[in-house]
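Visitor: One structure, as structure tokens, below. Some questions next.
The values are calculated or read from the model by the stated rules, or taken from the named source; none is laboratory data. None of these values were measured; they are calculated from a predicted model. Backbone-built Cβ (ideal geometry, glycine too); neighbour counts: all protein chains shown.
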Amino acid sequence: MISDILERHRQIVGVFAALMIFWVLLNGTVAPDVLALGAVVALLISVAFKDTLSFFSDFRFTPAAVWATVLYFAYFFKELVVANLKLSAVVLHPALPIKPGLVKVRTNLKTPMGRLLLANSITLTPGTLSVEMDGQWLYVHWVVMETDDVDEATAKIVRGFERFLEVMYG
Amino acid sequence: MTLDLAGAILLVAGGAFLFLGGLGLYRMPDTFNRIQVGTKATTLGTVLSLAGAGCLQPEWSFKLVLIGIFLLFTNPLSSQVLARSAHRIGVAQAPETRVDHLAEDQKRGRDES
């Protein structure tokens, strides 16, 4: 019975849970009055916006997706540090060895949230910055360009993140 | 004590990356490359500083984590929008720039229509 309701309103439950966790973190306390207020507001928001909060509704709530999320964050932070060390080396190099270019890459991700996370991840990692998106095409500014071939650039820039995001959002 | 030391190291590392970001802003030749160093260095620098602050004041940790999450989501977004607007109004690119697929595709689109 209860699991039935949970299944039918999965999106509302997901948004509600996320908002509650957020609220408790923000307050740093689990006092009853704080929890009650948070529950009321979180319920209102999750019911009112159940179709538009695609961050949660596109997410596939499967064990594989949750595990992919963990791996994604681990990979993301590793790439973030590598990106910074590489760029620091370029900035500190007396000759400033840059080879900028705006290259086109392709993504297989379909959902808006998956694409947003991909574009964000690209922006934060090794010398690449998402500039424009047009359907499956992403235009990426690359400080030290390694190739201007669409497929090679896709393999170098996109694949690393896409393999996790595919599982999470499709 | 160990936590204090870790916090101090993280704060210094964060400051170092922020400094390198500033240096990059000064040295890079055009808007797009400046946005690049600006985004990456400030993101990692700020995240490290937040982690350092979390080590020194553990009771702030929850809120610092939240600030970090907001930062990781909004920082690349704003950079991307800046870069897109810059490209749309035709901001000059450094002479070293090798290719510009976006301009090529836009030109092709205009020719076809």
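Visitor: Identify all residues within the range A:26-40 that are at pLDDT below 80 and among the β-branched types (Val, Ile, Thr); write none if there are none.
Guide: The answer is A:THR29, A:VAL30.
Visitor: Related question: Give the residues of the range A:23-45 that are in a loop (DSSP other than H, G, I, E, B) and of a type in the set (Val, Ile, Thr), sorted by residue number.
Guide: Matches in the range A:23-45: A:THR29, A:VAL30.
Visitor: Give the residues of the range B:85-103 that are surrounded by fewer than 18 Cβ atoms within 10 Å (Cβ to Cβ), out of contact with any Leu (no Cβ under 9 Å at 6 or more places or on another chain) and in a helix (DSSP H, G or I), sorted by residue number.
Guide: If the condition is that a residue be surrounded by fewer than 18 Cβ atoms within 10 Å (Cβ to Cβ), out of contact with any Leu (no Cβ under 9 Å at 6 or more places or on another chain) and in a helix (DSSP H, G or I), then B:SER85, B:ARG88 are the ones that fit.
Visitor: Here's another thing I want to ask about it. Looking at the range B:13-24, can you tell me whether even one residue there is closer than 26 Å to A:PHE22 by Cβ, in contact with a Leu (Cβ under 9 Å, 6 or more places away or on another chain), more than 8 Å from every other protein chain (Cβ to nearest Cβ) and not acidic (Asp, Glu)?
Guide: Within the range B:13-24, one or more residues are closer than 26 Å to A:PHE22 by Cβ, in contact with a Leu (Cβ under 9 Å, 6 or more places away or on another chain), more than 8 Å from every other protein chain (Cβ to nearest Cβ) and not acidic (Asp, Glu).
Visitor: Name the residue, out of B:LEU66, B:LEU82, B:LEU18, B:LEU71, that is among the aliphatic types (A, V, I, L, M), crowded, with 16+ Cβ neighbours inside 10 Å and over 21 Å from A:VAL144 (Cβ atoms).
Guide: B:LEU18
Visitor: Here are A:ASN27, A:ASN120: which of them is without any contact (Cβ under 8 Å) to a residue 24 or more places away in the chain, surrounded by 15 or more Cβ atoms within 10 Å (Cβ to Cβ) and in the same structural domain as A:TYR139 (by TED's automatic domain parsing)? Talk me through it step by step, then tell me what you get.
Guide: Working: A:ASN27 fails: in the same structural domain as A:TYR139 (by TED's automatic domain parsing).
Just a single option satisfies the conditions, and that option is A:ASN120.
Visitor: Moving to a separate point now. Among the residues of the range B:69-113, write down those that are over 22 Å from B:GLY21 (Cα atoms), more than 9 Å from chain A (Cβ to nearest Cβ) and of a type in the set (Gly, Ala, Ser).
Guide: Hits for the range B:69-113 are B:GLY90, B:GLY109, B:SER113.
Visitor: Go through (1) surrounded by 17 or more Cβ atoms within 10 Å (Cβ to Cβ); (2) without any contact (Cβ under 8 Å) to a residue 60 or more places away in the chain for A:PHE161 and report which single condition fails.
Guide: Tallying (1) surrounded by 17 or more Cβ atoms within 10 Å (Cβ to Cβ); (2) without any contact (Cβ under 8 Å) to a residue 60 or more places away in the chain, A:PHE161 fails exactly one: (2).
Visitor: Hey, among B:LEU48, B:LEU25, which residue is crowded, with 18+ Cβ neighbours inside 10 Å, in contact (Cβ under 8 Å) with a residue 12 or more places away in the chain and within 18 Å of the chain's Cα centre (by Cα)?
Guide: B:LEU48
Visitor: Here is a follow-up. Would you confirm, using the coordinates I've provided, whether B:PHE73 is in a helix (DSSP H, G or I) and modelled with pLDDT under 85?
Guide: Taking the combined requirement at face value, the residue satisfies it.
Visitor: In the range B:32-41, which residue that is of a type outside the set (Gly, Ala, Ser) and within 10 Å of chain A (Cβ to nearest Cβ) is surrounded by the most Cβ atoms within 10 Å (Cβ to Cβ)?
Guide: B:LYS40
Visitor: What is the residue count in the range A:123-170 for residues that are under 23 Å from A:VAL66 (Cβ atoms) and either more than 13 Å from every other protein chain (Cβ to nearest Cβ) or at pLDDT 80 or above (or both)?
Guide: Counting residues in the range A:123-170 that are under 23 Å from A:VAL66 (Cβ atoms) and either more than 13 Å from every other protein chain (Cβ to nearest Cβ) or at pLDDT 80 or above (or both) gives 13.
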